[in-house]
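The values are calculated or read from the model by the stated rules, or taken from the named source; none is laboratory data. Because the structure is a prediction, the values reported are computed rather than measured. Counting neighbours? That spans all protein chains shown, and the Cβs are built from the backbone with ideal geometry, glycine included.
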Amino acid sequence: MKYIILYIIVLAGCFTACQQEDSLTPSNISDLFAPNPEATDAESVLRREFFNTTGCYLLFNDTLRHEYKGEDTFGNPYYETELIGLEWNLTSAVSTRYLFEYLKTQEQKEQAASFLQTYLIPKIKNVLPYSILVINKMDKYLLPDGGGKYEYSDSPLVYSNTRCTALNISELWDLNGEENFVKFSQDICCRIIFASWGGDPGNFYQGSKAYDFLKVNNYDYEALKSDYYIPDGLGDEYIEDLYYEGFIENTSERYLPSATEDAAAYIKACLTMTDEEFRAKFSDYRKVIKKYEIIKPLVEATGIQF
């Protein structure tokens, strides 16, 4: 009998604990990535329609929340602000900062949403990011080794962390013709595929599905070409020197490609060339073939086709 009573007490304790746990669950949590469901302004309506159509949040600003919380001890207004924070991931923060230039008009926002829905989203349905931040410009700043001031690095086309993919669509406004829209969307798509494989950009992408691919040139990315006796320049006359090092695109006058540029070039080659075409072109370059054979199955597993 005493065991039955003890069992009832234990059950009651578990039930009480569950009740207490339920009572601690916050209510009325607002989704910071979604517009106010009651907002009727043109931007909020556009963003809401985009999510309902695609299942992906659309952002035009990297500030998710900026709430007035009262005054501090000195009588100054106090706010709580939450940003996208591209430099933050679940397991790390990198010594990188981004400066954005936002879209200027509602017309630009509508053009951007139309481009994404028409040309990009159908390609990336299998690797759709949680949210897309669309901006006119994205300047990347790096902190030099040993500290000091952040220095301008470049203006990447795409950068992703675990909860957002930022797209620099400044090229969009000058595009004409279906072919150019398709090409631009393919360039973005390749970078989103790479981002979907995960990994930590501050730690040689360990944990990424593409780690074996990246490992081939881990210590070469963004190095000076002169360190490899490759002449500076973007001309095709230097491209074979890059092939021998394992790179298939010449992306900078002075530097070897970044990890993202390298992976995107191979992903695009996998999606736009047959296996026979690729091997015929690069059969003399051992590193290129090695990287291709690593990355091709990863690209095929996405189910994406151009």
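Among the residues of region 235-254, write down those that are under 26 Å from the mean Cα position of the chain (by Cα), surrounded by fewer than 18 Cβ atoms within 10 Å (Cβ to Cβ) and closer than 25 Å to GLN186 by Cα.
GLU249, SER252, GLU253
Hey, can you tell me all the residues within region 243-267 that are among the small types (Gly, Ala, Ser) and not in a helix (DSSP H, G or I)?
Within region 243-267, GLY246, SER252, SER258 qualify.
I need the full set of residues from region 141-157 which are in a loop (DSSP other than H, G, I, E, B), at negative phi and not aliphatic (A, V, I, L, M), in order please. Steps first, answer last, please.
To start, the set of residues in region 141-157 that are in a loop (DSSP other than H, G, I, E, B) comprises 143-150, 155-157.
Remaining after also requiring at negative phi: 143-145, 149-150, 155-157.
PRO144, ASP145, LYS149, TYR150, SER155, PRO156 - these are the residues of region 141-157 that are in a loop (DSSP other than H, G, I, E, B), at negative phi and not aliphatic (A, V, I, L, M).
Return the residues of region 253-298 that are basic (Lys, Arg) and modelled with pLDDT under 95; say none if nothing qualifies.
ARG254
Listed residues LYS281, LYS225, LYS215; which is outside the structural domain of SER131 (by TED's automatic domain parsing) and crowded, with 17+ Cβ neighbours inside 10 Å?
When all the criteria are applied, what remains is LYS225.
Kindly list, by first and then second residue, each pair from a residue in region 210-225 that is over 18 Å from GLU300 (Cβ atoms) to a residue that is part of a helix (DSSP H, G or I) and modelled with pLDDT under 95, limited to pairs with Cβ atoms under 6 Å and residues at least 6 apart or on different chains.
Correct list of pairs: LEU214/ALA259; TYR221/ALA259.
Looking at region 52-103, which of its residues are in contact with a Ser or Thr (Cβ under 9 Å, 6 or more places away or on another chain) and surrounded by 17 or more Cβ atoms within 10 Å (Cβ to Cβ)?
The answer is CYS56, TYR57, LEU58, LEU59, LEU64, ILE84, LEU86, GLU87, ASN89.
What pairs can you find where one residue is in region 101-127 and aromatic (Phe, Trp, Tyr), the other is surrounded by 14 or more Cβ atoms within 10 Å (Cβ to Cβ) and not in a helix (DSSP H, G or I), and their Cβ atoms are less than 8 Å apart, with a gap of 6+ or different chains?
From residues that are aromatic (Phe, Trp, Tyr), the pairs are TYR102/PHE60; TYR102/ASN61; TYR102/ILE135; TYR102/ASN136; PHE115/ILE169.
Hey, can you tell me all the residues within region 45-60 that are within 22 Å of LYS137 (Cα to Cα) and either at pLDDT below 95 or touching a Leu at 6+ places or on another chain (Cβ under 7 Å) (or both)?
Result: ARG47, PHE50, CYS56, LEU59, PHE60.
Loosely packed, with under 15 Cβ neighbours inside 10 Å and free of Cβ contacts under 8 Å to residues at least 12 places away in the same chain: is that true of GLU171 in this structure?
Considered against the rule, which asks whether it is loosely packed, with under 15 Cβ neighbours inside 10 Å and free of Cβ contacts under 8 Å to residues at least 12 places away in the same chain, GLU171 comes out as no.
Any residue at all in region 234-246 that's within 18 Å of VAL299 (Cβ to Cβ) and touching a helix residue (DSSP H, G or I) at 6+ places or on another chain (Cβ under 8 Å)? It would help to see each step written out before you state the result.
Just the residues of region 234-246 that are within 18 Å of VAL299 (Cβ to Cβ), to begin with: 246.
Filter again for touching a helix residue (DSSP H, G or I) at 6+ places or on another chain (Cβ under 8 Å), leaving 246.
Yes, some residue in region 234-246 is within 18 Å of VAL299 (Cβ to Cβ) and touching a helix residue (DSSP H, G or I) at 6+ places or on another chain (Cβ under 8 Å).
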